[in-house]
1. Mind listing the phi-derived Karplus ³J(HN,Hα) values for the stretch 110-126, rounded to whole Hz, using 6.51, -1.76 and 1.60 with θ = phi - 60°, and x for any glycine or proline?
2. So for 36, 139, fewest C-beta neighbours within 10 Å to most, what's the order?
3. Dipole of the chain (Lys/Arg Cβ +1, Asp/Glu Cβ -1, origin at the Cα centre): which of 140, 54, 66 lies farthest to the positive side?
4. What does the net charge come to around residue 96 if you take all other residues with beta carbon closer than 12 Å to its beta carbon, with K and R at +1 and D and E at -1?
5. Given +1 on the Cβ of Lys and Arg, -1 on the Cβ of Asp and Glu, and no further charges, what dipole in debye does the chain carry about its Cα centre, rounded to the nearest 20?
6. Compute and list, largest first, the equivalent-ellipsoid semi-axes of the stretch 25-170 from the alpha carbon gyration tensor, each √(5λ) rounded to a whole angstrom.
7. Which one of 154, 124, 95 has its Cα pushed farthest toward the positive end of the charge dipole of the chain, where Lys and Arg give +1 and Asp and Glu give -1 at the Cβ?
8. Could you rank the peptides 78-86, 95-103 by their average count of other C-beta atoms within 10 Å per residue, with the highest value first?
Amino acid sequence: MKKILFIASVAVALVFTGFTNADWYKFSSSDGHFSINFPSKPEESSEKQTTKDGTPFEIHYVSYSPSDSEVYMVGYIDMNTFYPAEKSMKEILENSRDGATGSMETTNVNTITTNLDGEPYIEFTFTSAKFTGKDRIYIINKYQYSLITIFSLGQGISPDADKFIRSFRHSD
């Protein structure tokens, strides 16, 4: 009897684990040269902007928001026409972090990792008066990728933030 209960509990655990993983949707962008897993099918949009010196560029967004208190988003930009070659990779990543957190009016930013090898990135958490989140910004082949998750203060940063961020794969 104990053996049957044990097998049944393992089967239930496997069903729930498999169900959770199966729900995630793999999104691929041939234009953006990446893939990433979202909790469900995301929506795509884009926005035309200009740099401070007037160079036009486009920001592409891929996002999924299951509720008002949870957002998973990738923003990516082709920086080839305005790449700051005079700056170090660390400076570019830190400026990207500061620009993102400044636009969200954050009150607290904590850099977790700055990786300058391979596919360089900076990962950080942030908090504002209304929300908290986690972001990883990559600079790869003069493309900037921001993998951002945002959650309500009451909910806090979900473990799914790491699952989302770590699923990012760059492709050529």
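1. My calculation for the stretch 110-126 gives 10, 6, 8, 8, 10, 10, 9, 9, x, 9, x, 8, 10, 10, 7, 10, 8 Hz in order.
2. Details: 36 24, 139 19.
Final ranking by Cβ density, sparse to dense: 139, 36.
3. 66
4. On the way: positive: 87, 90, 97, 136; negative: 91, 94, 98, 123, 135.
Once positives and negatives cancel, what remains is -1.
5. Details: 16 positive and 22 negative charges, 156 e Å.
Value, rounded to 20: 740 debye.
6. Values: eigenvalues 104, 65, 46 Å².
Equivalent ellipsoid of the stretch 25-170: 23, 18, 15 Å, largest first.
7. 154
8. Details: 78-86: 12.2, 95-103: 15.2.
Highest to lowest by the protection proxy: 95-103, 78-86.
FYI, it's all coordinate maths here, none of it is from the lab. Just so we're clear, the structure is a prediction, and the values are computed from it rather than from any experiment. Cβ: placed from backbone, ideal geometry, glycine included. Neighbour counts: every protein chain shown.
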